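First comes the structure, then the notes that go with it.
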Amino acid sequence: MRLLTNKLMLCVLCAGVFCGLSAHAQGPHFNTKGNILIADQFNNRVIEVDPDNNNVVWQFGTGSSTPGPGTIVGTNDAQRVGPFTLMAGTGVPPGGEPSCPNGCQDNRVILVDPGGNIVWQYGQTGVPGSGFNQLNTPVQNTWLPNAHVLITDQLNERVIEVTLDHKIVWQYGTTGTSGCGANQLNNPNSAELLANGHILIADESNNRVIEVTRQQQIVWSYGSCTGTQLSGAAFASRLPNGNTLITDSNNNRILEVTSAGNVVFEYDTTTQPGSCNSSTCPLPTRAVRLKNGNTLISNQFDMQVIEIDPNKNIVFSQGQIGVSGSGFDQLNAPYDAKVIGDYTGLTPPFCGENCQH
């Protein structure tokens with residue numbers, strides 16, 4: 001594996017330098033603003049799609065359920081950082097997909113170049129753990145402007161900030177202990193850095209979204225461990241207007257709530273004909289607000305990524321509703337989608353936007 005030093009990584013990613021490689025190494029449409037990056041979970045791949053024709057213009061992962069230098073298993077999250085792609089190899093639970101009847105491990109967060117070479121990795125390939133440079137079911141990763149990586153380490157019940165030399169410099173959640181008490185999480189599913197330096201966490205099985213300080217204090221929350229406002233908080237991001245966009249997965253809906261907790265926007269993801277196919281409903285896992293006011297949604301078990309306008313009309317879709325596959329315009333349980341060069345769930349988008357080519 002070709003590893004990059006901290007100094008070189010900062011140069012490459014935040015100064016727009018690309019190590020002498022062409023940003024179009026994978027073709028003229030690679031890393032084009034407006035393309036959509038999708039973590040196609042059960043197809044064990046990350047793809048970049050041209051929304052004008054639904055063509056895949058870049059891919060990492062062969063579909064293999066064995067993690068390795070060119071493969072990723074059960075990817076739940078992907079983010080374009082300049083010409084590189086940061087992605088979470090979550091793994092697949094037992095029964096999740098046919099090639100993994102007993103489950104398949106990955107347990108890595110990796111950064112790959114356009115040619116599909118891993119240039120940085122946190123976690124041991126296929127090995128779960130909580131020790132040095134170990135993860136257990138990482139479900140989400142966020143590149144930070146200081147060149148650290150924020151990782152939601154789900155089954156270790158923690159969110160950690162790690163340096164490029166694999167040191168943990170901040171943590172929320174008690175490693176290996178689920179709960180709703182002080183400094184505890186229960187199956188966390190995402191974490192985003194806010195402009196004020198706080199961390200916004202979707203605490204999935206505690207059915208809440210919390211904003212925590214660097215001193216592990218909760219300063220804002222929506223939902224609760226014993227309440228019914230949310231069920232399976234899968235993702236949350238803070239919008240420029242101060243509201244919070246929440247993916248309320250088990251309730252099959254997207255919510256926008258004010259700081260006072262008032263719902264100002266709601267979208268039911270089951271409204272399409274064919275949704276809840278064979279009694280399996282979408283279970284949306286990601287929703288991000290775009291600069292044009294539209295919302296991009298990963299409808300996991302509808303096998304689709306959709307974009308809706310403020311009037312809730314679908315203006316783009318990738319994947320055939322209720323049909324899993326890996327062919328043209330097909331997905332298999334897409335978990336995450338972001339538009340390259342647009343708002344990606346970070347607050348603000350930091351280097352993710354500024355580094356686009």
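Any read-out appearing in this document is the output of simple, stated calculations on the displayed coordinates, not a laboratory observation. The structure presented is a predicted model; accordingly, all values stated were derived computationally and were not measured. Cβ atoms come from the backbone with ideal geometry, glycine included; neighbour counts cover every protein chain shown.
Summary table below
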{"quantity": "Global size of the range 128-253 as Cα Rg and Dmax, reported in angstrom", "calculated": "13.5, 41"}
{"quantity": "Cβ-derived FRET efficiency at R0 30 Å, Ser326 paired with Val263, nearest 0.05", "calculated": "0.25"}
{"quantity": "For His148, net neighbour charge (Lys/Arg +1, Asp/Glu -1) across residues whose Cβ lies under 12 Å away", "calculated": "-1"}
{"quantity": "Approximate spin-label separation Ser224-Thr280, in nm, with each point projected 7 Å along Cα-to-Cβ", "calculated": "3.5 nm"}
{"quantity": "Ranked list, fewest to most other Cβ atoms within 10 Å of each Cβ, for Ile218, Ile201", "calculated": "Ile218, Ile201"}
{"quantity": "Packing-based exposure ordering (other Cβ within 10 Å, fewest first) of Asp268, Asp165, Asp106", "calculated": "Asp165, Asp268, Asp106"}
{"quantity": "For Gln41, net neighbour charge (Lys/Arg +1, Asp/Glu -1) across residues whose Cβ lies under 10 Å away", "calculated": "-3"}
{"quantity": "Rough spin-label spacing in nm, given labels placed 7 Å along Cα→Cβ, for Ser99 and Ile314", "calculated": "2.7 nm"}
{"quantity": "Whole-number percent relative contact order across the chain, with pairs defined as alpha carbons under 8 Å at least 6 apart", "calculated": "14 percent"}
{"quantity": "DSSP loop chymotrypsin sites (Phe, Trp or Tyr not before Pro) with at most 12 other Cβ within 10 Å excluded, longest remaining stretch of the chain", "calculated": "133-327"}
{"quantity": "Ratio of the Cα radius of gyration of the range 265-329 to 2.2 N^0.38 Å, where N counts its residues", "calculated": "1.07"}
